[in-house]
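Worksheet for the structure shown next.
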């Protein structure tokens, strides 16, 4: 028997190493053709191994779950039969059962690999692989910088002073009138407009390519730069000839291709700058010298180690105290104990506390892990983060019960679900950025109350699954209260610690007058002329304004802006291209109103 188990594990390792690992090192269909080489060529070895391990662990956990639950085994077998065609899947499964046993890892790992050939399953796998590869390939700081660069190009563009050399080099190759019109942003007919738009995108792509070359191909995809440069030169040679064409389908195709090239070059530039300038302020100031008016708001990276330690320790204390209290209460009110005897015993308190603490701690840590891992590519509190956090937390609790019990009973699945729901509470508490302790308390009470209701209902179902339907109403009420009180205690504790640490660390990161994103058009006056301007960001001391066209704004011009919270007055202190920085005169402005607005919006913008 031991020899069979050893062979089972060895074969599992072989499948993971020879089939699953190479599969992770393949580009998903949505990204094929964008890069040369394999994903590993674009990812640091340590990072690649970490994300590949998560991918392998997904298959291991799926195989483990299927091998332990009869219903999952039946469902997977049916899928295999439906996708195997004329293959005698039932006979093959019977022979493998006889050889390795019904709970063999290699049996169900092989079945999962076969199921990947089904288009629906393959698409799910590709999406999961794409999420992991994107998170591994583009660090969070580089991803944010990439989006800022693309946003700067799309919203404000680059000034002609910065792209002048690119336009001149293109003009020297021919079609100088067309490239001069592109450099000036000239307008014409519908067809001409589309050609000029494509020409401007080409100029931006050439400019990004020029900046990337300054890093001497530090980016691992050096061949990508050469390939993109070759393609841009090809488009530059034929695009001006499309200027007077009536059929602009080709120009539209060039526009889409150039937008993709700009996005990819922005990603390369962002990774180079993150690598060369670890400090975000240095990156911002350096890129500003090259014409990028990047949106910048106060941010703070959340240090997660200390609150995690406090959460784990607090869960232990909460579990012990709540269980001791209710074991005593069960004896006082007369809740029927299993096999007679008393509820309040050292063994029961120890094992219930240990099981609850380990399961809750695993759920909390996995919730934090998936939130931090997927926050960059998917955003805060994404649906995929909730699903993965809950699923893996439930599986982790199942593993604990499997290892700590002589036999894994179906009732333990309800217990695992009860503990796994805590991962949802953890994810819900992240990224709130409250500015006051009262806000933290209200949200923690809300999250604790929601989890208390869920935990109370699940605790009743767990009691019914162990005792059957002939239990008493007193038992149901007491177990509901037990689940609700324990659920509220742990959820309130976890969410309060995480949100309050986030609040404290955020306050330490802010400047005296923090800047937040606004991104709305408002009406006002500049130099006594009525205008409608787009406000990119504001602080209690000033704002960044963006104009669609040159307004002839000069330093020192008086400014009056009508915000939703009140009128702010000030003067122009700097101008660059279509951007104007304004300093508010707080004596003649709605100082209290903007202070309250900034405080409220910090939870959304920081």
>> Kindly evaluate residue 215 against the criterion of being in contact with a helix residue (DSSP H, G or I) (Cβ under 6 Å, 6 or more places away or on another chain), at pLDDT 80 or above and either surrounded by 13 or more Cβ atoms within 10 Å (Cβ to Cβ) or outside the structural domain of residue 148 (by TED's automatic domain parsing) (or both).
In response: no
> What is the one condition in (1) closer than 18 Å to residue 288 by Cβ; (2) touching a helix residue (DSSP H, G or I) at 6+ places or on another chain (Cβ under 6 Å) that residue 565 does not satisfy?
Replying inline: (1)
> What is the one condition in (1) touching a helix residue (DSSP H, G or I) at 6+ places or on another chain (Cβ under 6 Å); (2) surrounded by fewer than 17 Cβ atoms within 10 Å (Cβ to Cβ); (3) assigned to a helix (DSSP H, G or I); (4) at pLDDT below 85 that residue 300 does not satisfy?
Replying inline: (3)
> Of the residues that make up segment 447-454, is at least one part of a helix (DSSP H, G or I), at pLDDT below 90 and in the same structural domain as residue 361 (by TED's automatic domain parsing)?
Replying inline: no
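At pLDDT 85 or above and in a helix (DSSP H, G or I): does that describe residue 399? If you could, list the steps in order and put the result at the bottom.
On the way: at pLDDT 85 or above: no; in a helix (DSSP H, G or I): yes.
Answer is no for this residue.
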>> As an exercise: evaluate residue 387 against (1) surrounded by 15 or more Cβ atoms within 10 Å (Cβ to Cβ); (2) closer than 28 Å to residue 373 by Cα and give the number of the one condition it does not meet.
In response: (1)
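Could we say that residue 181 is under 18 Å from residue 259 (Cα atoms) and at pLDDT 75 or above here? Let's see the steps before the verdict.
Values: under 18 Å from residue 259 (Cα atoms): no; at pLDDT 75 or above: yes.
Criteria not met by residue 181.
From the list 605, 543, which residue is at pLDDT 85 or above, touching a strand residue (DSSP E or B) at 6+ places or on another chain (Cβ under 6 Å) and within 29 Å of residue 291 (Cβ to Cβ)? Full working, then the answer.
Working: 605 fails: at pLDDT 85 or above.
Exactly one residue qualifies, and that residue is 543.
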> What residue, among those in segment 422-438 that are more than 20 Å from the chain's Cα centre (by Cα) and part of a helix (DSSP H, G or I), is surrounded by the most Cβ atoms within 10 Å (Cβ to Cβ)?
Replying inline: 437
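Taking the options 434, 518, 534, 488, name whichever one is in contact with a helix residue (DSSP H, G or I) (Cβ under 9 Å, 6 or more places away or on another chain) and under 24 Å from residue 362 (Cα atoms). Write out each step before concluding.
Values: 434 fails: under 24 Å from residue 362 (Cα atoms); 518 fails: under 24 Å from residue 362 (Cα atoms); 534 fails: under 24 Å from residue 362 (Cα atoms).
When all the criteria are applied, what remains is 488.
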> For segment 242-252, what are the residues that are surrounded by fewer than 14 Cβ atoms within 10 Å (Cβ to Cβ) and either under 17 Å from residue 272 (Cβ atoms) or at pLDDT 75 or above (or both)?
Replying inline: 249, 252
> Which number in (1) modelled with pLDDT of 85 or more; (2) assigned by TED's automatic domain parsing to the domain that holds residue 365 marks the one condition that residue 526 misses?
Replying inline: (2)
>> Suppose we keep only residues that are surrounded by 18 or more Cβ atoms within 10 Å (Cβ to Cβ) and without any contact (Cβ under 8 Å) to a residue 40 or more places away in the chain within segment 303-343. Which one would you say is farthest from residue 488 (Cα to Cα)?
In response: 343
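The values are calculated or read from the model by the stated rules, or taken from the named source; none is laboratory data. Given the structure is predicted, the values throughout are model-derived calculations rather than measurements. We place every Cβ from the backbone using ideal geometry, glycine too, and count neighbours over all the protein chains shown.
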